[in-house]
Amino acid sequence: MDIKELRRKFDTAQTEKYKFKTLYEDVYKYGMPDRYSNIQYNKEGYVGQKNMDEVYSSAMQESCEGFVQRVQSLLFPVNMDWIDLEAGFLFDTKQNESKKDAVNKELSKMTQLLNTYKNISNFDMEATKFSYELIAGTAVLLVKEGTFDNPLSFTSIPFSDITIVDGVDGKADTFFRTLKV
């Protein structure tokens, strides 16, 4: 794919995304006003900006916070070792029992290492941001290689920075991320 085709694909996806612009902005404006300045299109948000001018009830904010707490407690509880790896159904025959035990022993070591890496990383903080983005319908968590002291680094990408292209099968085909320098 050349740059012109890539640009055309991005522009088409942006046009589709902007059809829902006001809907997404309303979700942020009334449910997550503290995050609202981060998602405004073509505007610069700043700390201390008045984001609560049109919010007359905290019911939606409380619902959003409750959703985030519930998602975190169910899917990725804070400071808990919830990653678990084990051999799957391909090892469920009698002839594979010894192989299955050996694989599970190695996977147990990897599980312990992954949980340690997750617990010393910024995962919990970024998972909270990810959960807020999930309320709006689009959540992306970028996993990157970290440093020696912190081997994994996580970044929740806000809705305003991503554009998703649907493929022919209805699944996400391409992801575009917009960055400002």
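Values as computed for the structure displayed
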read-out: Cut-off of 10 Å, at most 16 other beta carbons, DSSP loop: longest stretch of the chain lacking such trypsin sites (Lys or Arg not before Pro); value: 51-170
read-out: DSSP loop GluC sites (Glu not before Pro) with at most 12 other Cβ within 10 Å: longest gap in the chain; value: 87-181
read-out: Value of relative contact order over the chain, rounded to a whole percent, pairs C-alpha under 8 Å and six or more apart; value: 19 percent
read-out: Virtual spin-label span in nm between Asp34 and Phe89, 7 Å along Cα→Cβ; value: 4.4 nm
read-out: Efficiency of FRET from Cβ geometry, Asn96 and Met125, R₀ 45 Å, rounded to 0.05; value: 0.65
read-out: Segment Asp166-Glu62, length gained on full extension (0.36 nm per residue, minus Cα span); value: 34.2 nm
read-out: Interchain or long-range residues, amide H under 5 Å from Val140's placed H; value: Ile157
read-out: Rounded Å value of the spacing that divides the Cα centres of the stretch 1-29 and the stretch 134-181; value: 15 Å
read-out: Extension gain from Thr111 to Gln69, taking 0.36 nm per residue of separation minus the Cα-Cα distance; value: 12.6 nm
read-out: Separation of the Met1 and Asn79 label points, Cα + 7 Å toward Cβ, nm; value: 4.4 nm
read-out: Accessible area per residue, Å², the chain with all protein chains present, probe 1.4 Å; value: 70 Å²
read-out: Full-stretch length increase - Thr178, Asp26 - with 0.36 nm per residue and alpha-carbon distance subtracted; value: 52.6 nm
read-out: Nearest 10 degrees, 0 to 90: helix 59-75 Cα axis against the chain principal axis; value: 20 degrees
read-out: Relative contact order (%) - the stretch 95-181, alpha-carbon pairs under 8 angstrom, separation at least six; value: 19 percent
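The values are calculated or read from the model by the stated rules, or taken from the named source; none is laboratory data. From a predicted model like this one, the values you see are computed outputs, not experimental measurements. Note: ideal-geometry Cβ built from the backbone for every residue, glycine included; neighbour counts use all protein chains shown. Areas reflect the complete protein model, heavy atoms only, side chains present, ligands, DNA and RNA absent. Shrake-Rupley method; radii C 1.70, N 1.55, O 1.52, S 1.80 Å.
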